[in-house]
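Below is one structure, written out as C-alpha coordinates, with a few remarks after it.
The values are calculated or read from the model by the stated rules, or taken from the named source; none is laboratory data. This is a predicted model, so every value here is computed, not measured. No Cβ is skipped: glycine too gets one built from the backbone with ideal geometry, and neighbour counts run over all protein chains shown. These accessible areas exclude ligands, DNA and RNA; they are computed on the full protein's heavy atoms, side chains included. Shrake-Rupley method; radii C 1.70, N 1.55, O 1.52, S 1.80 Å.
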Amino acid sequence: MSMNSFGHLFRVTTWGESHGPALGATVDGCPPGVPIDAAMIQHWMDKRKPGQNKYTTQRREADEVKILSGTFEGVTTGTPVQLMIENTDQRSKDYGDIKDKFRPGHADITYFQKYGVRDYRGGGRSSARETAARVAAGGLAREAIKAIAPDLQITGYMVQMGPHGIDRDAFDWDQIDQNPFWVPDAKAARDWADYLDGLRKSGSSVGAIIEVTARGVPAGLGAPVYGKLDTDLAAAMMSINAVKGVEIGEGMSAAMLTGELNADEIYMGNDGQPRFSSNHAGGILGGISTGQDVVVRFAVKPTSSILTTRKTITKKGEETEIITKGRHDPCVGIRAVPVGEAMMACVLLDHLLLHRGQIGENQGHIG
(Lines give C-alpha, C1' and ligand atoms only; values in the text may rest on other atoms or scores of the structure.)
Protein backbone atom coordinates (compact mmCIF):
# COMPACT_ATOMS: atom_id res chain seq x y z
CA MET A 1 0.00 0.00 0.00
CA SER A 2 1.42 3.38 -1.01
CA MET A 3 0.31 6.97 -0.44
CA ASN A 4 0.68 7.01 3.33
CA SER A 5 2.39 10.42 3.44
CA PHE A 6 1.18 14.01 3.31
CA GLY A 7 2.81 17.43 3.34
CA HIS A 8 5.55 19.12 1.30
CA LEU A 9 8.39 20.36 3.51
CA PHE A 10 6.85 19.17 6.78
CA ARG A 11 6.07 15.63 5.65
CA VAL A 12 4.25 13.03 7.74
CA THR A 13 4.11 9.29 7.03
CA THR A 14 1.83 7.25 9.26
CA TRP A 15 2.13 3.50 9.75
CA GLY A 16 0.53 0.66 11.69
CA GLU A 17 -2.84 -1.01 12.15
CA SER A 18 -5.65 -1.00 14.68
CA HIS A 19 -4.76 -4.40 16.19
CA GLY A 20 -1.06 -4.55 15.42
CA PRO A 21 1.60 -4.19 18.12
CA ALA A 22 2.00 -0.44 17.50
CA LEU A 23 1.33 2.44 15.16
CA GLY A 24 2.95 5.81 14.66
CA ALA A 25 4.31 8.52 12.42
CA THR A 26 7.62 9.34 10.80
CA VAL A 27 7.95 13.11 10.50
CA ASP A 28 10.50 14.53 8.10
CA GLY A 29 11.28 18.21 7.62
CA CYS A 30 10.72 19.45 11.15
CA PRO A 31 13.02 22.45 11.70
CA PRO A 32 15.94 21.90 14.09
CA GLY A 33 16.02 23.47 17.52
CA VAL A 34 12.34 23.01 18.36
CA PRO A 35 11.96 22.22 22.09
CA ILE A 36 10.09 18.93 22.35
CA ASP A 37 9.58 15.99 24.65
CA ALA A 38 7.01 13.23 24.92
CA ALA A 39 4.96 15.12 27.53
CA MET A 40 4.36 18.00 25.10
CA ILE A 41 2.90 15.63 22.53
CA GLN A 42 1.07 13.57 25.16
CA HIS A 43 -1.05 16.61 26.06
CA TRP A 44 -2.69 16.41 22.63
CA MET A 45 -2.82 12.61 22.60
CA ASP A 46 -4.86 12.68 25.80
CA LYS A 47 -7.56 14.76 24.08
CA ARG A 48 -8.09 12.02 21.50
CA LYS A 49 -7.53 8.79 23.44
CA PRO A 50 -10.50 6.40 23.83
CA GLY A 51 -12.36 5.36 26.94
CA GLN A 52 -12.42 8.76 28.66
CA ASN A 53 -16.21 8.86 29.06
CA LYS A 54 -19.31 6.86 28.20
CA TYR A 55 -19.77 8.69 24.89
CA THR A 56 -16.67 7.17 23.25
CA THR A 57 -15.43 3.64 22.61
CA GLN A 58 -14.51 1.82 25.81
CA ARG A 59 -11.29 0.47 24.33
CA ARG A 60 -8.68 1.33 26.97
CA GLU A 61 -5.54 2.71 25.40
CA ALA A 62 -3.04 4.91 27.22
CA ASP A 63 -1.93 6.26 23.82
CA GLU A 64 1.50 6.89 25.31
CA VAL A 65 3.74 8.36 22.64
CA LYS A 66 7.43 7.50 22.44
CA ILE A 67 9.98 9.59 20.53
CA LEU A 68 12.48 7.19 18.97
CA SER A 69 14.61 9.54 16.87
CA GLY A 70 15.18 13.08 15.69
CA THR A 71 15.81 14.79 19.03
CA PHE A 72 18.84 15.47 21.19
CA GLU A 73 19.02 17.21 24.56
CA GLY A 74 15.37 18.22 24.38
CA VAL A 75 15.27 19.76 20.89
CA THR A 76 14.73 18.51 17.36
CA THR A 77 17.84 17.93 15.29
CA GLY A 78 16.33 18.46 11.83
CA THR A 79 16.46 14.73 11.08
CA PRO A 80 13.36 12.47 10.87
CA VAL A 81 11.35 12.24 14.09
CA GLN A 82 9.94 8.79 14.74
CA LEU A 83 6.83 8.70 16.94
CA MET A 84 5.42 5.39 18.21
CA ILE A 85 2.22 4.52 20.08
CA GLU A 86 1.83 0.94 21.30
CA ASN A 87 -1.52 -0.83 21.12
CA THR A 88 -2.24 -2.37 24.50
CA ASP A 89 -5.98 -3.19 24.57
CA GLN A 90 -6.73 -5.05 21.35
CA ARG A 91 -9.62 -7.53 21.47
CA SER A 92 -9.29 -9.20 18.09
CA LYS A 93 -11.66 -11.99 19.14
CA ASP A 94 -14.52 -9.46 18.90
CA TYR A 95 -14.12 -9.63 15.13
CA GLY A 96 -13.89 -13.40 14.64
CA ASP A 97 -17.55 -13.69 13.61
CA ILE A 98 -17.16 -11.20 10.76
CA LYS A 99 -13.84 -12.26 9.25
CA ASP A 100 -15.58 -13.54 6.10
CA LYS A 101 -18.33 -10.87 6.02
CA PHE A 102 -18.08 -7.31 4.76
CA ARG A 103 -19.43 -4.68 7.16
CA PRO A 104 -21.77 -2.21 5.41
CA GLY A 105 -20.44 1.33 5.58
CA HIS A 106 -16.87 0.17 6.29
CA ALA A 107 -13.86 -0.07 4.00
CA ASP A 108 -13.78 -3.87 4.31
CA ILE A 109 -15.13 -4.52 0.82
CA THR A 110 -13.05 -1.90 -1.00
CA TYR A 111 -9.80 -2.93 0.69
CA PHE A 112 -10.44 -6.54 -0.32
CA GLN A 113 -11.40 -5.56 -3.88
CA LYS A 114 -8.18 -3.54 -4.20
CA TYR A 115 -5.61 -5.64 -2.36
CA GLY A 116 -7.13 -9.10 -2.16
CA VAL A 117 -6.20 -9.10 1.53
CA ARG A 118 -8.26 -7.79 4.43
CA ASP A 119 -7.32 -7.32 8.08
CA TYR A 120 -10.73 -7.87 9.68
CA ARG A 121 -9.46 -7.02 13.21
CA GLY A 122 -11.03 -3.61 13.65
CA GLY A 123 -10.44 -2.65 10.05
CA GLY A 124 -6.65 -2.79 10.16
CA ARG A 125 -5.20 0.21 8.36
CA SER A 126 -8.65 1.69 7.62
CA SER A 127 -9.45 1.98 11.33
CA ALA A 128 -9.78 5.42 12.91
CA ARG A 129 -7.09 4.22 15.32
CA GLU A 130 -4.66 5.43 12.63
CA THR A 131 -5.54 9.00 13.59
CA ALA A 132 -3.58 8.66 16.84
CA ALA A 133 -0.44 8.95 14.72
CA ARG A 134 -1.74 12.14 13.12
CA VAL A 135 -2.38 13.70 16.53
CA ALA A 136 1.17 12.86 17.59
CA ALA A 137 2.55 14.53 14.45
CA GLY A 138 0.24 17.47 15.03
CA GLY A 139 1.63 17.91 18.53
CA LEU A 140 5.12 18.21 17.08
CA ALA A 141 3.83 20.66 14.46
CA ARG A 142 2.28 22.88 17.15
CA GLU A 143 5.60 23.19 18.96
CA ALA A 144 7.35 24.18 15.72
CA ILE A 145 4.62 26.73 14.95
CA LYS A 146 5.32 28.44 18.28
CA ALA A 147 8.80 29.37 17.03
CA ILE A 148 7.64 30.67 13.64
CA ALA A 149 4.19 32.17 14.35
CA PRO A 150 3.81 32.43 18.14
CA ASP A 151 0.41 34.15 17.94
CA LEU A 152 -1.16 31.33 15.92
CA GLN A 153 -3.80 29.34 17.85
CA ILE A 154 -5.71 26.31 16.59
CA THR A 155 -9.02 25.30 18.17
CA GLY A 156 -11.46 22.62 17.09
CA TYR A 157 -15.02 22.10 18.29
CA MET A 158 -18.25 20.38 17.32
CA VAL A 159 -20.97 22.54 15.79
CA GLN A 160 -23.51 19.83 15.00
CA MET A 161 -24.42 16.34 16.18
CA GLY A 162 -26.94 14.62 13.95
CA PRO A 163 -29.75 17.15 13.38
CA HIS A 164 -28.79 19.24 16.42
CA GLY A 165 -26.65 22.34 15.85
CA ILE A 166 -25.19 24.91 18.20
CA ASP A 167 -26.59 28.38 18.84
CA ARG A 168 -23.98 30.65 17.24
CA ASP A 169 -25.23 33.55 19.39
CA ALA A 170 -24.27 31.52 22.48
CA PHE A 171 -20.78 30.67 21.18
CA ASP A 172 -18.31 30.60 24.09
CA TRP A 173 -14.64 29.64 23.52
CA ASP A 174 -14.26 28.86 27.23
CA GLN A 175 -16.96 26.17 27.06
CA ILE A 176 -15.08 23.99 24.59
CA ASP A 177 -12.93 22.23 27.19
CA GLN A 178 -15.76 22.04 29.73
CA ASN A 179 -17.81 19.23 28.18
CA PRO A 180 -17.18 15.82 26.54
CA PHE A 181 -18.26 17.02 23.08
CA TRP A 182 -15.86 19.98 22.66
CA VAL A 183 -18.90 22.15 21.98
CA PRO A 184 -18.81 25.95 22.51
CA ASP A 185 -22.43 26.09 23.67
CA ALA A 186 -23.30 24.99 27.22
CA LYS A 187 -26.98 24.31 26.48
CA ALA A 188 -26.16 22.26 23.39
CA ALA A 189 -23.74 20.18 25.45
CA ARG A 190 -26.52 19.30 27.91
CA ASP A 191 -29.02 18.52 25.17
CA TRP A 192 -26.55 16.43 23.17
CA ALA A 193 -25.69 14.35 26.25
CA ASP A 194 -29.28 13.11 26.55
CA TYR A 195 -29.60 12.59 22.79
CA LEU A 196 -26.36 10.60 22.44
CA ASP A 197 -27.02 8.58 25.57
CA GLY A 198 -30.21 7.29 24.00
CA LEU A 199 -28.42 6.35 20.78
CA ARG A 200 -25.59 4.70 22.70
CA LYS A 201 -27.94 2.52 24.72
CA SER A 202 -29.79 1.46 21.57
CA GLY A 203 -26.54 0.39 19.90
CA SER A 204 -26.86 2.98 17.14
CA SER A 205 -24.68 5.94 16.11
CA VAL A 206 -24.83 9.40 14.60
CA GLY A 207 -22.69 11.76 12.53
CA ALA A 208 -21.34 15.21 13.35
CA ILE A 209 -19.86 18.41 11.94
CA ILE A 210 -16.57 19.68 13.34
CA GLU A 211 -15.20 23.18 12.85
CA VAL A 212 -11.53 24.05 13.22
CA THR A 213 -10.47 27.68 13.52
CA ALA A 214 -6.90 28.95 13.31
CA ARG A 215 -6.50 32.43 14.77
CA GLY A 216 -3.42 34.57 14.26
CA VAL A 217 -2.57 33.09 10.84
CA PRO A 218 -0.26 35.52 8.98
CA ALA A 219 -1.28 36.76 5.55
CA GLY A 220 0.44 35.25 2.53
CA LEU A 221 0.38 31.49 3.19
CA GLY A 222 -0.47 29.36 0.18
CA ALA A 223 0.24 29.79 -3.52
CA PRO A 224 -1.61 29.76 -6.84
CA VAL A 225 -2.70 27.61 -8.54
CA TYR A 226 -2.07 24.09 -7.31
CA GLY A 227 -0.42 25.04 -4.04
CA LYS A 228 -3.46 26.70 -2.51
CA LEU A 229 -3.74 26.66 1.26
CA ASP A 230 -7.38 25.65 1.06
CA THR A 231 -6.53 22.84 -1.37
CA ASP A 232 -4.17 21.27 1.15
CA LEU A 233 -6.53 21.89 4.06
CA ALA A 234 -9.43 20.27 2.23
CA ALA A 235 -7.29 17.25 1.30
CA ALA A 236 -5.99 16.93 4.87
CA MET A 237 -9.46 17.00 6.43
CA MET A 238 -10.94 14.75 3.76
CA SER A 239 -8.26 12.15 4.48
CA ILE A 240 -9.49 11.73 8.08
CA ASN A 241 -11.41 8.47 8.57
CA ALA A 242 -15.21 8.78 8.12
CA VAL A 243 -15.10 12.34 6.72
CA LYS A 244 -17.55 12.81 3.83
CA GLY A 245 -17.49 16.57 3.26
CA VAL A 246 -15.25 19.62 3.81
CA GLU A 247 -16.04 23.34 3.73
CA ILE A 248 -13.84 26.44 3.86
CA GLY A 249 -15.45 29.56 5.26
CA GLU A 250 -19.03 29.91 4.04
CA GLY A 251 -18.59 26.66 2.11
CA MET A 252 -21.69 25.28 0.40
CA SER A 253 -23.78 28.12 1.82
CA ALA A 254 -21.90 30.56 -0.42
CA ALA A 255 -24.07 29.30 -3.27
CA MET A 256 -27.07 30.93 -1.60
CA LEU A 257 -25.46 34.38 -1.22
CA THR A 258 -25.43 37.32 -3.59
CA GLY A 259 -22.16 38.93 -4.58
CA GLU A 260 -22.89 41.87 -2.28
CA LEU A 261 -23.37 39.61 0.73
CA ASN A 262 -20.47 37.27 0.02
CA ALA A 263 -17.74 39.86 -0.63
CA ASP A 264 -15.79 40.65 2.54
CA GLU A 265 -15.32 44.44 2.36
CA ILE A 266 -11.83 45.74 3.14
CA TYR A 267 -10.78 48.77 5.15
CA MET A 268 -7.69 49.99 7.00
CA GLY A 269 -7.60 49.33 10.72
CA ASN A 270 -6.34 51.68 13.41
CA ASP A 271 -3.11 49.69 13.47
CA GLY A 272 -2.45 50.45 9.81
CA GLN A 273 -3.24 46.90 8.72
CA PRO A 274 -5.99 45.75 6.31
CA ARG A 275 -9.18 44.62 8.00
CA PHE A 276 -12.31 42.90 6.69
CA SER A 277 -15.97 43.53 7.48
CA SER A 278 -16.76 39.80 7.49
CA ASN A 279 -15.12 36.43 6.84
CA HIS A 280 -17.23 34.53 4.34
CA ALA A 281 -13.98 33.46 2.64
CA GLY A 282 -12.80 31.60 5.72
CA GLY A 283 -9.52 33.51 5.82
CA ILE A 284 -8.36 32.43 2.35
CA LEU A 285 -8.63 34.25 -1.01
CA GLY A 286 -7.15 32.82 -4.19
CA GLY A 287 -5.64 30.04 -2.13
CA ILE A 288 -3.65 32.53 -0.01
CA SER A 289 -4.34 33.44 3.63
CA THR A 290 -5.72 36.93 4.26
CA GLY A 291 -4.62 37.29 7.88
CA GLN A 292 -8.14 36.57 9.12
CA ASP A 293 -9.16 33.46 11.00
CA VAL A 294 -8.85 30.35 8.83
CA VAL A 295 -12.09 28.40 9.27
CA VAL A 296 -12.60 24.80 8.10
CA ARG A 297 -15.55 22.48 8.70
CA PHE A 298 -15.86 18.80 7.98
CA ALA A 299 -18.71 16.32 8.24
CA VAL A 300 -18.18 12.90 9.81
CA LYS A 301 -20.56 10.06 8.98
CA PRO A 302 -22.17 7.88 11.67
CA THR A 303 -20.04 5.03 12.97
CA SER A 304 -20.86 2.05 10.76
CA SER A 305 -20.35 -0.50 13.55
CA ILE A 306 -23.81 -0.77 15.07
CA LEU A 307 -25.85 -3.47 16.83
CA THR A 308 -28.68 -3.33 14.29
CA THR A 309 -28.81 -6.26 11.86
CA ARG A 310 -27.69 -5.24 8.35
CA LYS A 311 -27.68 -7.15 5.08
CA THR A 312 -24.31 -7.92 3.49
CA ILE A 313 -22.33 -10.52 1.55
CA THR A 314 -19.39 -12.81 2.28
CA LYS A 315 -16.07 -13.06 0.43
CA LYS A 316 -17.63 -15.93 -1.54
CA GLY A 317 -20.47 -13.68 -2.66
CA GLU A 318 -23.10 -15.28 -0.44
CA GLU A 319 -25.86 -13.02 0.88
CA THR A 320 -26.07 -12.91 4.68
CA GLU A 321 -26.70 -10.64 7.66
CA ILE A 322 -24.31 -9.03 10.12
CA ILE A 323 -24.23 -7.40 13.55
CA THR A 324 -21.00 -5.66 14.47
CA LYS A 325 -20.08 -6.32 18.09
CA GLY A 326 -17.16 -4.83 20.01
CA ARG A 327 -16.37 -1.39 21.39
CA HIS A 328 -17.30 1.51 19.12
CA ASP A 329 -17.94 5.25 19.26
CA PRO A 330 -21.64 6.20 19.12
CA CYS A 331 -20.43 9.50 17.61
CA VAL A 332 -16.93 9.29 16.16
CA GLY A 333 -17.08 13.05 15.61
CA ILE A 334 -16.19 13.61 19.27
CA ARG A 335 -12.69 12.19 18.91
CA ALA A 336 -12.35 13.69 15.43
CA VAL A 337 -12.00 17.16 16.98
CA PRO A 338 -8.33 16.79 18.08
CA VAL A 339 -7.61 15.00 14.79
CA GLY A 340 -8.90 18.00 12.85
CA GLU A 341 -6.76 20.27 14.99
CA ALA A 342 -3.71 18.13 14.28
CA MET A 343 -4.25 18.19 10.52
CA MET A 344 -4.70 21.97 10.61
CA ALA A 345 -1.41 22.28 12.53
CA CYS A 346 0.50 20.07 10.08
CA VAL A 347 -0.80 21.93 7.01
CA LEU A 348 -0.19 25.39 8.46
CA LEU A 349 3.35 24.54 9.54
CA ASP A 350 4.02 23.08 6.10
CA HIS A 351 2.85 26.33 4.47
CA LEU A 352 4.74 28.50 6.94
CA LEU A 353 7.92 26.67 5.94
CA LEU A 354 7.08 26.87 2.22
CA HIS A 355 6.41 30.60 2.52
CA ARG A 356 9.62 31.21 4.44
CA GLY A 357 11.59 29.23 1.88
CA GLN A 358 10.22 31.03 -1.17
CA ILE A 359 9.42 34.55 0.06
CA GLY A 360 11.48 35.11 3.21
CA GLU A 361 11.04 38.73 4.27
CA ASN A 362 10.28 39.98 0.75
CA GLN A 363 6.55 40.09 1.34
CA GLY A 364 4.26 42.83 0.01
CA HIS A 365 3.36 45.53 2.55
CA ILE A 366 0.27 47.74 2.42
CA GLY A 367 0.33 51.31 3.64
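Examine segment 224-233 for a residue that is in a helix (DSSP H, G or I), over 17 Å from the mean Cα position of the chain (by Cα) and without any contact (Cβ under 8 Å) to a residue 24 or more places away in the chain, and state whether such a residue exists.
So far as segment 224-233 goes, no, none of its residues is in a helix (DSSP H, G or I), over 17 Å from the mean Cα position of the chain (by Cα) and without any contact (Cβ under 8 Å) to a residue 24 or more places away in the chain.
Condition check ((1) open to solvent by less than 40 Å² (accessible area, probe 1.4 Å); (2) modelled with pLDDT of 90 or more; (3) closer than 28 Å to GLY156 by Cα; (4) assigned to a loop (DSSP other than H, G, I, E, B)) across all residues:
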position: ASN53; (1), (2), (3), (4): no, no, yes, yes
position: THR57; (1), (2), (3), (4): yes, no, yes, yes
position: ARG60; (1), (2), (3), (4): no, no, yes, yes
position: GLY78; (1), (2), (3), (4): yes, yes, no, yes
position: ILE85; (1), (2), (3), (4): yes, yes, yes, no
position: GLY96; (1), (2), (3), (4): yes, no, no, no
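I need the full set of residues from segment 231-276 which are at pLDDT below 95 and either in contact with a helix residue (DSSP H, G or I) (Cβ under 8 Å, 6 or more places away or on another chain) or on the phi > 0 side of the Ramachandran plot (or both), in order please.
Scanning segment 231-276 gives ASN241, ALA242, GLY272.
Out of all the residues in segment 194-218, which are open to solvent by 20 Å² or more (accessible area, probe 1.4 Å) and in a helix (DSSP H, G or I)?
Passing the criteria: ASP194, TYR195, ASP197, GLY198, LEU199, ARG200, LYS201, SER202.
Taking ASP46 as meeting all but one of (1) assigned to a helix (DSSP H, G or I); (2) modelled with pLDDT of 95 or more; (3) not hydrophobic (A, V, I, L, M, F, W, C), write down the number of the exception.
All conditions pass for ASP46, except number (2).
I'm checking my understanding of the structure. Among residues of segment 282-314 that are assigned to a loop (DSSP other than H, G, I, E, B) and touching a Lys or Arg at 6+ places or on another chain (Cβ under 8 Å), which one is most open to solvent (accessible area, probe 1.4 Å)?
Among residues in segment 282-314 that are assigned to a loop (DSSP other than H, G, I, E, B) and touching a Lys or Arg at 6+ places or on another chain (Cβ under 8 Å), the one most open to solvent (accessible area, probe 1.4 Å) is LEU307.
Go through (1) assigned to a strand (DSSP E or B); (2) of a type in the set (Val, Ile, Thr); (3) over 12 Å from the mean Cα position of the chain (by Cα) for THR155 and report which single condition fails.
The one condition THR155 does not meet is (3).
Looking only at residues in segment 317-367 that are surrounded by fewer than 18 Cβ atoms within 10 Å (Cβ to Cβ) and among the basic types (Lys, Arg), which one is farthest from ALA149 (Cα to Cα)?
Per the stated criteria, the residue is LYS325.
Filter segment 166-181 for residues that are in contact (Cβ under 8 Å) with a residue 40 or more places away in the chain and either open to solvent by 40 Å² or more (accessible area, probe 1.4 Å) or among the hydroxyl-bearing types (Ser, Thr, Tyr) (or both) and give the result.
PRO180, the sole residue that qualifies.
For PRO150, are the conditions met, namely being part of a loop (DSSP other than H, G, I, E, B), touching a residue at least 60 places away in the same chain (Cβ under 8 Å) and surrounded by fewer than 23 Cβ atoms within 10 Å (Cβ to Cβ)?
no
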